[in-house]
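Contents: one structure, followed by commentary.
The values are calculated or read from the model by the stated rules, or taken from the named source; none is laboratory data. Keep in mind that what you see is a predicted model, and the values were worked out from it rather than measured. Here the Cβ is made from the backbone with ideal geometry for all residues, glycine too, and neighbour counts use every protein chain on show. What goes into the accessible areas is simple: the full protein's heavy atoms, side chains included, and nothing from ligands, DNA or RNA. Shrake-Rupley method; radii C 1.70, N 1.55, O 1.52, S 1.80 Å.
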Amino acid sequence: MTRISVNVDGTTYEDDVEPRLLLAHYLRDRLGLTGTPIGCDTSNCGACTVDLDGASVKSCSVLAVQADGCEVTTIQGLAQDGEWTPLQRAFHEKHGLQCGYCTPGMIMAARDLLRENPHPGPEEIRKGLEGNLCRCTGYQNIVRAVLAAAGQQDASGHQATEEVTA
C-alpha cells in the first residue's frame, strides 16, 4: 500500500492505496464520485476525463499514486452552489448529449480546450475533442454547445461565424 494525499473537488483526501489502483477507480469506488464514468478502461473513449493539475486526463490511464499531491477536478466539482458553469448549461441548452454517458468527459475535455483556446472554431473543437467518443449524437450538437459556451453564437442560436456541419 502507498499513502497518497490528493485534493479532489476542493477536498483533501489521504488514503492508503494499491500502487496499481487507477485514478478512475479511486474516484468512483473509494470517494463515491460516480459522475466520472468508466467507459472502456483502455483510454480510448474519454468518458472518464478529469482535470489533473490544470490539464484534462483520462483517469483510466492514470494511477491514483500519480495524483499524489495533485489537484483533481471532476464533473461533480464544476458546479458551484448548485449553479452549472456556462459550459454545462450550453450542453443542456444545445442538446449536446443523448444518453449522457460521454457527457462528463466531453465537458471536461471541452473545458480544457476552452482554457487553451477561448474562441475555437468548429474544426478546432472537433480536433480538440478527438479523444472523446460519443456513440449517440454525431457530435454536431456537442460542437454547437462548445461554440455557445465560447460565446460564438448570436442570441437566436445561429452560428456567428462559419456554418456548423456534421
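Pull out a ≥ b ≥ c, the square roots of the eigenvalues of the alpha-carbon gyration tensor of region 71-156, then state rounded if a/c is under 1.5, prolate if not and a/b is larger than b/c, and oblate in the remaining case. Judged from the Cα gyration tensor, region 71-156 comes out rounded (a/c under 1.5).
Sorted by mean Cβ packing within 10 Å, highest first, what order do the peptides 48-60, 64-76 take?
Values: 48-60: 22.0, 64-76: 18.8.
So the peptides 48-60, 64-76, ranked by packing, come out 48-60, 64-76.
For region 66-147, the set of trypsin sites (Lys or Arg not before Pro) satisfying both a DSSP loop assignment and a count of at most 11 other C-beta atoms within 10 Å is given as Arg135.
With charges set only on the Cβ (+1 for Lys and Arg, -1 for Asp and Glu), what does the dipole of the chain come to about its Cα centre, in debye to the nearest 20?
On the way: 13 positive and 22 negative charges, 89 e Å.
Roughly 420 debye for the chain.
Here each label is just a point 7 Å from Cα along the line to Cβ, and for Thr85 and Asp68 those points are 2.8 nm apart. Given a 1.4 Å probe and every protein chain left where it sits, what share in percent of the accessible area of the chain is carbon and sulfur? Answer for the chain: carbon and sulfur cover 47 percent of the accessible area. A dipole drawn for the chain from +1 and -1 charges on Cβ atoms has a positive end, and of Gly10, Pro122, Ala109 the residue lying farthest that way is Pro122. The modelled label-to-label distance between Thr2 and Glu18, using points 7 Å beyond Cα along the C-beta direction, is 1.4 nm. In this rough spin-label picture, where each label sits 7 Å from Cα along the Cβ direction, the Cys40-His95 distance is 2.7 nm. Largest GNM mean-square fluctuation across Asp41, Asp15, Asp81, computed for the chain with C-alpha springs under 10 Å, falls on Asp81.
For region 1-81, just say rounded, prolate or oblate: build the C-alpha gyration tensor, square-root its eigenvalues into a ≥ b ≥ c, call rounded for a/c under 1.5, and beyond that prolate if a/b exceeds b/c, oblate if not. Working shown, then result.
Numbers: a/c = 1.57, a/b = 1.06, b/c = 1.48.
Note, shape of region 1-81 comes out oblate.
With all protein chains kept in place, the per residue accessible area of the chain amounts to 51 square angstrom at a probe of 1.4 angstrom. Between (1) 1.11; (2) 1.02; (3) 1.00, which matches Rg/Rh (Cα atoms, Kirkwood Rh) calculated for the structure shown? Working out Rg/Rh (Cα atoms, Kirkwood Rh) from the coordinates points to (3).
222 nm [θ] for the chain, helices only, -39500 (n - 2.57) per DSSP H run of 4+, per residue, to 500?
Values: 4 runs with 39 residues, N = 166.
It lands at -7000 deg cm²/dmol.
If the chain linking Asp29 and Glu130 were pulled fully straight, counting 0.36 nm for each residue of separation and taking away their Cα-Cα distance, it would gain 33.6 nm.
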